[in-house]
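Just so it is clear, none of the values below were taken in a lab; they were calculated from the coordinates. What you see is a predicted model, and the numbers here were worked out from it, not measured in a lab.
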Amino acid sequence: MALLDSSNSPLSPPPPADGDAPGLLHEFFERAARLWPERIAIDTPPAPNRPERRTITYAHLDDQANALTG
């Protein structure tokens, strides 16, 4: 998984809605999914056993997480 420079990174925490920083990791992803549903949350480069690059948006990641907890 590629990590980007934090000044331009989609992994930078979104601004808190209520003035408090999110305290739990899942809150970060839920807030990011609301603010930037189509931005890339996970970007994996090609690997020897998987020649294609894979990306997952915040919306897709949130949908998958909700399906696991639902």
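Full extension of the chain between Arg39 and Ala65 gives 7.7 nm of extra length, using 0.36 nm per residue less the Cα-Cα distance.
Fully extending the segment from Ala47 to Leu24 would add 5.2 nm, taking 0.36 nm per residue of separation and subtracting the current Cα-Cα distance. Rounded, prolate or oblate: pick one for region 23-70, where a ≥ b ≥ c are the square roots of the eigenvalues of its C-alpha gyration tensor, a/c under 1.5 means rounded, and failing that, prolate if a/b is larger than b/c, else oblate. Prolate.
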